[in-house]
């Protein structure tokens, strides 16, 4: 298959059903046929993941389907990322993510990661049980636009505040947007700890993250 | 190493002032009703913050009517005084029902506040294999003569291999019995049932873990049953299949929503097949009660 439209359609369809080997094959075929990496990304992979998110939100798709679609996309991204960097395509933004110290829950965080990557963010995932000092070191290293703290327990939510304090102390608070989320987290709680943004679910997080980045960029004088 | 298991069934006995519930491998499955918990329920949280506890009354009624043997009570509301709230909730629940209570919090002070007002012999939910959790909570379990749920994970990870979960279980038993004088029968292990929706390969690891904890240590086991079907459609059907499977591997109780007749009936049916309901008399009388109610 070397017809670009067929390749794009194939990539879209196979990502939607989470067929990782086929998505990688089609990515290779597309590149071999001389297609641009950004075309594969923006005309097939991202729209497909957006559709996955929309179906999940409607209750038509379930967690495993979202996970395998995300995995299929991640496989293609591994191949495309260096090429996209070469061609100077800008990511929407960089999102540093982690589940707070004391908390090992990661399903929700992983779903958010999938939706962020699907929307064109570069996601750096620090995993679970991330201590404040580890967040700080990673922020200094990667200089992300946004850092996201995830907590699934009412008892680990106070780590948000501990992380915020660590940011202040390191003098990084103004350099990064802070988002918080997780099952027990509310807008009220996000406000109480001084976070910049909160979202109740993965797709709301993508919208909120994009808005926050736009607001921040608008503030910076050109 | 703790002493080898001699095959005698271990009985975890819970009490309210007027009722005793025994959890054991030779007993009928114990349903721990889970709904008295505001996590993820925004309206309930707001009511609790405003001091309105009327929803608890409704939830207790629904769990009792659904067939719960024990009630899990959790008052984890952010930005509140959880110890005070949990103590009040426990007193309220005890005024509404004679079922024993599983006191559920990860806040040590809340567990202590709950234990100090509880009348009877409670189940504490929960500790892990982390030293600081055991150091903080096991003395309370001993002081108030309670039983305790323990999760075989530590600060580093939720182990995905049965061997590691067994090793952490052994650590918990050793520390609880040797350092705090808690009876082995009063340790209920939660073998860590993970959501099937996140990884379909994990359920068999949990089954293996349960089988080995039963055969090698004879300990009672519980789990958060609803967690297993998270992210999947038709969750009641999955729960109704998973629980009887887990029962054959050694699960003796579960924190679950007693409002689902499908799941509750699956458990009661499994009790008959496991010979924990002699001549199926409990099954038959439940059938009669149902028939009478619809007549």
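Values quoted throughout were computed directly from the atomic coordinates according to the rules given, and no laboratory measurement underlies them. For clarity, every value in this text was computed on a predicted model and none was experimentally measured. All Cβ positions, glycine included, derive from the backbone under ideal geometry; neighbour counts span all protein chains shown.
So here's what we get for this one:
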| item | result |
| --- | --- |
| Cα centroid separation - the stretch B:62-78 against the stretch A:191-222, whole Å | 38 Å |
| Where labels lie 7 Å past Cα in the beta-carbon direction, separation of residue B:155 and residue B:236 in nm | 4.4 nm |
| Share, in percent, of DSSP beta bridges within chain B that are antiparallel, nearest 5 | 15 percent |
| Antiparallel DSSP beta bridges within the stretch A:94-219, as percent of all bridges there, nearest 5 | 0 percent |
| Residue with peak Gaussian network fluctuation, chain A [Cα springs, cutoff 10 Å], from A:48, A:150, A:39 | A:39 |
| Helix axis angle, A:63-86 relative to chain A longest principal axis, alpha carbon, degrees | 80 degrees |
| Helix-only mean residue ellipticity at 222 nm for the protein assembly as shown, each DSSP H run of n ≥ 4 adding -39500 (n - 2.57), per residue, nearest 500 | -15500 deg cm²/dmol |
| Rough spin-label spacing in nm, given labels placed 7 Å along Cα→Cβ, for residue B:116 and residue A:29 | 7.0 nm |
| Rounded, prolate or oblate (a/c below 1.5 giving rounded, otherwise prolate when a/b exceeds b/c) for the stretch A:94-219 by Cα gyration tensor | rounded |
| Contact order normalised by residue count of the stretch B:1-77, Cα under 8 Å, 6+ apart, percent | 34 percent |
| Point-to-point label distance, residue A:22-residue B:177, nm (Cα→Cβ direction, 7 Å offset) | 5.4 nm |
| Cα-based helix-to-principal-axis angle, A:46-58 vs chain A, degrees rounded to 10 | 60 degrees |
| Cα gyration tensor, chain B - rounded (a/c under 1.5), prolate or oblate | rounded |
| Averaged over A:16-22, number of beta-carbon atoms from partner chains that fall within 10 Å | 0 |
| Mean separation of Cα contacts under 8 Å, 6 or more apart, over the residue count of the stretch A:36-128: relative contact order % | 34 percent |
| Backbone N within the stretch A:186-215 under 15 Å of label point (7 Å from residue B:79 Cα along the Cβ vector) | A:186-199 |
| Förster radius 30 Å - calculated FRET efficiency between residue A:170 and residue A:78, Cβ distance, rounded to 0.05 | 0.45 |
| Between the stretch B:150-229 and the stretch B:1-56, the Cα center-to-center distance that results, in Å | 17 Å |
| The stretch B:200-295, relative contact order in percent, only Cα pairs under 8 angstrom and at least six apart counted | 26 percent |
| P(r), alpha carbons of the protein assembly as shown - 10 Å bins starting at zero, rounded % | 4, 17, 25, 25, 16, 9, 4, 0, 0 |
| Chain A: most fluctuating residue of A:127, A:118, A:98 per GNM, C-alpha cutoff 10 Å | A:127 |
| Averaged over A:61-73, number of beta-carbon atoms from partner chains that fall within 10 Å | 2 |
| Spin-label zone in the stretch A:178-202 - amide nitrogen under 15 Å from a point set 7 Å from the Cα of residue A:161 along the C-beta vector | A:186, A:188-195 |
| Residue exposure sequence - A:122, A:25, B:278 - by fewest surrounding Cβ within 10 Å | B:278, A:25, A:122 |
| Shape category assigned to the stretch A:1-150 from the gyration tensor of Cα positions, a/c cut at 1.5 | oblate |
| Percent of beta bridges antiparallel (DSSP, the protein assembly as shown, rounded to nearest 5) | 10 percent |
| Helix A:132-142 axis, angle to chain A major axis (alpha carbon atoms, nearest 10°) | 40 degrees |
| Residue among B:104, B:59, B:156 with the largest mean-square fluctuation in a Gaussian network model of chain B, springs linking Cα atoms under 10 Å | B:156 |
